[in-house]
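Everything below concerns the one structure shown next.
The values are calculated or read from the model by the stated rules, or taken from the named source; none is laboratory data. The structure displayed is predicted, hence computed values, not measured ones. When we count neighbours, we look across all protein chains shown, and the Cβ atoms used for this are built from the backbone with ideal geometry, even at glycine. SASA here: full protein model, heavy atoms, side chains in, ligands and nucleic acids out. Shrake-Rupley method; radii C 1.70, N 1.55, O 1.52, S 1.80 Å.
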Amino acid sequence: MGESRGSRAMFTFLGLWVRPVMNALMAKEWRGQEKLPHGTGMIVCPNHVTEIDPVVISHFLYNQGVMPHFMAKASLFKVPVVGYILRTTKQVPVERSSAGANRSLEAAREALSDNGAIIIYPEGTLTRDPDMWPMKGRTGAARLALQTGAPVVPIAHWGAQEVFPRYAKRFHLVPRKRSRVLVGDPVDLSEFRDLPLTRTTLDAATERILDAVTELLAELRGEQPPAERWDPAQQHQKLTGRDFEGRQENDDDDGPVSGGAT
């Protein structure tokens with residue numbers, strides 16, 4: 001199986017103008033492309049430092065011949081033009097109801113069966129860590145991986161936040177920045193495969209994924225990550241929106257899948 005003709009045509013159309021823009025904005029330093037699985041769908045888990053991360057990761061994957069699929073807010077699919085593009089390229093709508101969550105999971109499985117890449121930010125949103133290290137994660141990526149058996153590919157990237165800082169209002173184009181991307185080996189989740197999908201299991205698998213992403217980011221940055229992962233709940237921070245210093249009132253679970261809502 002593979003992408004439909006309409007989906008590939010839309011990706012080609014988008015690539016014709018997105019790639020030149022990205023090449024103009026940032027120089028590229030990409031490593032580890034050979035570690036991307038071939039002939040199978042995959043769950044790609046990058047770190048999340050700025051709103052333009054999805055474009056950076058999509059640019060990288062598309063150049064490797066991998067069609068990127070994101071978990072996107074269901075409301076975006078109702079926006080004229082944007083919704084059409086999302087549907088045509090088989091992006092995955094995320095809904096919070098039980099029935100909607102099941103539909104999201106089925107859509108994600110379909111994309112994986114078409115040998116596409118589902119990009120899920122294991123942090124669930126832009127990191128709240130003051131130094132932009134991966135923070136405590138949400139369980140959507142781990143849940144989907146354990147339910148489908150799809151390989152989880154950790155990716156770290158660094159540099160996009162210099163072009164468009166977290167929750168910025170304008171781009172910083174001069175001097176020209178460099179986007180660095182590093183791909184790691186698929187995360188070994190075999191010890192969790194036959195366990196019940198309890199919160200304990202999902203949290204442990206999520207930590208395994210985040211450890212891999214953090215290790216890659218440390219290599220890119222040439223720095224040592226903090227000994228303890230930043231936890232927004234302990235810092236009384238919200239997980240959505242620019243004003244994230246207020247208390248998060250309800251963060252019990254993130255359903256069967258978790259996207260990169262910012």
TODO: Exactly one condition in (1) farther than 28 Å from residue 115 by Cβ; (2) modelled with pLDDT of 95 or more is not met by residue 220; state its number.
DONE: (1)
Task: Pairs, first at negative phi in segment 53-67, second surrounded by 19 or more Cβ atoms within 10 Å (Cβ to Cβ) and assigned to a loop (DSSP other than H, G, I, E, B), C-beta under 7 Å, six or more apart - done: 54/260; 64/36; 66/36; 67/116
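Take the residues in segment 1-21 that are outside any helix (DSSP H, G or I) and under 14 Å from residue 87 (Cβ atoms); name whichever of them is nearest to the chain's Cα centre (by Cα). Break it down into steps so the answer makes sense when it comes.
Here is the first cut: in segment 1-21, the residues outside any helix (DSSP H, G or I) are 1-4.
When the remaining residues are screened for being under 14 Å from residue 87 (Cβ atoms), the result is 3-4.
Numbers: 3: 20, 4: 23 Å.
Among those that are outside any helix (DSSP H, G or I) and under 14 Å from residue 87 (Cβ atoms), it is 3.
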Open item on the list: Cβ-Cβ distance below 8 Å, separation of 6 or more or different chains: which pairs start in segment 197-219 with a residue that is closer than 26 Å to residue 32 by Cβ and end on one that is among the β-branched types (Val, Ile, Thr) and at pLDDT 95 or above?
Closed with: 208/187; 209/152; 209/187; 212/187; 213/155; 216/155; 216/183
TODO: Tell me, yes or no, whether segment 62-69 has at least one residue that is under 29 Å from residue 187 (Cα atoms), open to solvent by less than 30 Å² (accessible area, probe 1.4 Å) and among the aromatic types (Phe, Trp, Tyr).
DONE: no
Open item on the list: Can you say whether residue 18 is in contact with a strand residue (DSSP E or B) (Cβ under 7 Å, 6 or more places away or on another chain), touching a residue at least 24 places away in the same chain (Cβ under 8 Å) and β-branched (Val, Ile, Thr), as far as the supplied structure shows?
Closed with: no
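Those residues that are assigned to a strand (DSSP E or B) and not hydrophobic (A, V, I, L, M, F, W, C), I need them from segment 177-230; list them, please.
Let us first name the residues in segment 177-230 that are assigned to a strand (DSSP E or B), namely 177-183.
Of everything in segment 177-230, those that are assigned to a strand (DSSP E or B) and not hydrophobic (A, V, I, L, M, F, W, C) turn out to be 177, 178, 179, 180.
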- [ ] Filter the helices (runs of 4 or more DSSP H) completely within segment 83-173 down to those with at least 3 residues that are without any contact (Cβ under 8 Å) to a residue 12 or more places away in the chain.
- [x] 98-113
Open item on the list: Take the residues in segment 158-205 that are in contact with a Ser or Thr (Cβ under 6 Å, 6 or more places away or on another chain) and not basic (Lys, Arg); name whichever of them is most open to solvent (accessible area, probe 1.4 Å).
Closed with: 195
